[in-house]
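Below is one structure; the comments refer to it alone.
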Amino acid sequence: MKRNLPAAELARDSRFSRVDFMERARDPRPMPSEGRGDRAALTPDRTNAPERARGLMHGIFTGEIQALEGAGRTCWDFPLGTGSDEAPFELKLDMARQCWDEARHCEISVKLGDWMGTEIGEFAESPFLYEAACNPDPVLRLTGVNRALEGLAIDVFNTMREFGRLSGDPVLTFCEDWMLADEVTHVKMGSDWLRRLTADDPDRRARALEFQRVVDKLFSLGGVRGEDEDSPIKLARRFRELAGFADEEIDEIAELSHQAREELRARRAAVG
Amino acid sequence: MAAPSKPRAAFAPWDRRELPGAFTVEESAARVGHYKWIEMRLFEALGGWVATVPELDVKMRLGTHCYHHAWHAELWHKRLPELREMNPDRLAVPPNAELEAFVDAMTEPEAPELTIEKLVGVYRVLIPHKIAAYTYHLNNTSTITDAPTIRSLRFALQDELDDWRDGEMLIQSLIESADDVDRAIAHQAKLEKLMVAAGGIAGDGSIGSQPQLDEVSA
């Protein structure tokens, strides 16, 4: 088995359809079926709320598959060591633990999809999370995936948990709360490993944080995730603090999301 | 209740544990080092394969089992310094080149069409050999002096037995034709030969050695 499997080779059964994330992210047209064109908060009183929630849940499901695959590849892709193309034994153990957690999240997501009336493959999959897990430096993988994308997962799960609470769905609320606990652990893993592996290498830390910024902005989903009253996905400050984010780091993510939202508005205005 | 000051035997009547065991500290440490090495190779391979199998149930199961074997590797890693090996990496090695060749062959299948081969290598060859070696160690080390190793062996064996059953059921669910049976058997035979050449996951003596008949009769 080779090292570093490209996203194009991720194995899927015939139900899955893959689309390029950048195409979707740059598409200014509203896509109500996925909720991405609706910039309002995800609340049960919206007429398209069930459809949006189902689309989001399916996105969570495919994200969990890729998170499982990414953590698994980090176990395999690197020889033992502390160099920029190596991984310490304990880091691999953490990634194996994450594999188990993400496998459970896949199981939960499949069952929640059933619960919400969604079939596997009903929505398209973008391999964006796995692509961030293809970085040849394990520290950049962990900042891109564990801190940026799993951080996004904290925001998404918190939003879905609130949606479940508001809509009186105890199953959704229960499951999202459990997955949220795991995500905080994963983000904290990313924060801890970033500090440990770059303690004596400020350049590597700077590269890792820059990679995280790029991923954070790219996957703020055109500003869908933010702190505005009508942000569909709310930035979960409290949980991010638990996961090792400093206040200024959270402020920066909020600002990146705001910028992404303004840029999307400008693109839409240009299209007319 | 008997008076608290009344002397009692140090060992309860039902406790028949004995001091002697088949392994010295060094022998137990050497085996534990080999265990760590093979558990690492296994969890790394399972993690790598997750992305290469299209079957969703297999994908999720491999992710779960990946952690089981990582945890076993951690157990053995922590046991080594307790067995006077302060540099755990020194003993975390394969017992011989033949076992390395086995692992290379086991991890070779990559294409999404090769799920049967991936599972057969792990669940019909490697894990049965791990169960055998762990059981031999469990049954023959000193139940008093090497109790910490026994405790870890029992935890690991419970996972191995559960995972063996999981994996075998996945294999049975994937084998649907005579051709599939032939594929599974051919791959198992290829890997089993390599494992026999290695003598098991801890090398020669992985499950003990058969005494010569004249020794038995003597």
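Bear in mind that the values in this text are calculations on the coordinates, not laboratory data. Here the structure is a predicted model, which is why all the values come from computation and not from measurement. Cβ sites come from the backbone with ideal geometry, for glycine too, and all protein chains shown count toward neighbours.
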*asked:* Within 10 Å of each Cβ in A:114-122, how many Cβ atoms from other chains are there, averaged over the peptide?
replied: 0
*Of B:Thr52, B:Tyr134, B:Gln172, which is farthest on the positive side of the dipole of the range B:25-207, counting Cα position, with +1 on Lys and Arg Cβ, -1 on Asp and Glu Cβ, and the Cα centre as origin?*
B:Tyr134
*For the range A:84-113 versus the range A:216-253, the gap between their alpha-carbon centres in whole angstrom*: 23
*Over every pair of different alpha-carbon atoms in the range B:32-128, take the mean of 1/r and invert it; report that Kirkwood radius in Å.*
14.0
_Degrees, to the nearest 10: A:49-77 long Cα axis against longest axis of chain A_ = 10
*In whole angstrom, how far apart do the alpha carbon centroids of the range A:183-204 and the range B:156-218 sit?*
41
_Which entries of A:Lys217/B:Lys36; B:Lys6/B:Lys78; B:Lys59/B:Lys130; A:Lys111/A:Lys234 have Cα-Cα distances beyond 32 Å here?_
A:Lys217/B:Lys36; B:Lys6/B:Lys78
*Charge context of B:Ala184, other residues only, Cβ under 14 angstrom, K/R +1, D/E -1*: -4
_Using the Cα centre of the protein assembly as shown as the reference point, and only Cβ charges (+1 on K/R, -1 on D/E), how large is the resulting charge dipole? Debye, rounded to the nearest 20._
760
_Computed over chain A: relative contact order in percent, which uses C-alpha pairs under 8 Å that are six or more apart_ = 21
*So what J values fall out for the range A:242-248 if you push phi through Karplus, 6.51 cos²θ - 1.76 cosθ + 1.60 with θ = phi - 60°, rounded to Hz, Gly and Pro as x?*
4, 8, x, 7, 7, 4, 5
*Cα-centre dipole for the range B:25-207 with unit charges at Cβ (Lys and Arg positive, Asp and Glu negative), debye to 20*: 600
*asked:* Quick check: net charge around B:Ile150, other residues with Cβ under 12 Å of its Cβ, Lys/Arg +1 and Asp/Glu -1?
replied: +3
*Using a 10 Å cut-off on Cβ to Cβ distances, tally the other chain neighbours for every residue of A:79-85 and report the average as a whole number.*
1
*Taking every eigenvalue of the Cα gyration tensor of chain B, multiplying by 5 and rooting it, what semi-axes result, largest first, whole Å?*
36, 20, 18
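Across the residues of B:69-76, average count of Cβ atoms on other protein chains within 10 Å? Provide the component values of the computation, followed by the final result.
Values: counts 2, 10, 4, 0, 4, 6, 0, 0.
For this peptide, the per-residue mean of nearby foreign Cβ atoms is 3.
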*What whole-number value in cubic angstrom gives the convex hull volume per residue for the C-alpha atoms of the protein assembly as shown?*
211
*asked:* Can you compute the helix-only [θ] at 222 nm over the protein assembly as shown? Use -39500 (n - 2.57) per DSSP H run of at least 4 residues, normalise by all residues, nearest 500 deg cm²/dmol.
replied: -20500 deg cm²/dmol
*asked:* Per residue of the range B:55-61, what does 6.51 cos²θ - 1.76 cosθ + 1.60 with θ = phi - 60° give for ³J(HN,Hα)? Whole Hz please, x for Gly and Pro, Karplus curve as stated.
replied: 6, 4, 5, 5, 4, 5, 5
*What ranking, highest mean first, results for peptides A:141-154, A:195-208, A:163-176, B:41-54 when packing means the other Cβ atoms within 10 Å averaged over each residue?*
A:141-154, B:41-54, A:163-176, A:195-208
*Any chance you could run the full-extension gain for B:Trp14 through B:Asp179? It's 0.36 nm times the residue separation minus the Cα-Cα distance, nm to one decimal.*
54.0 nm
*asked:* Explain nothing, just the number: dipole magnitude of the range A:98-254 about its Cα centre with +1 on each Lys and Arg Cβ and -1 on each Asp and Glu Cβ, in debye rounded to the nearest 20.
replied: 360
*Roughly how tilted is helix A:170-197, in degrees to the nearest 10 and between 0 and 90, from the longest Cα axis of chain A?*
30
*Helix B:127-140: angle to the longest alpha-carbon principal axis of chain B, degrees 0 to 90, nearest 10?*
10
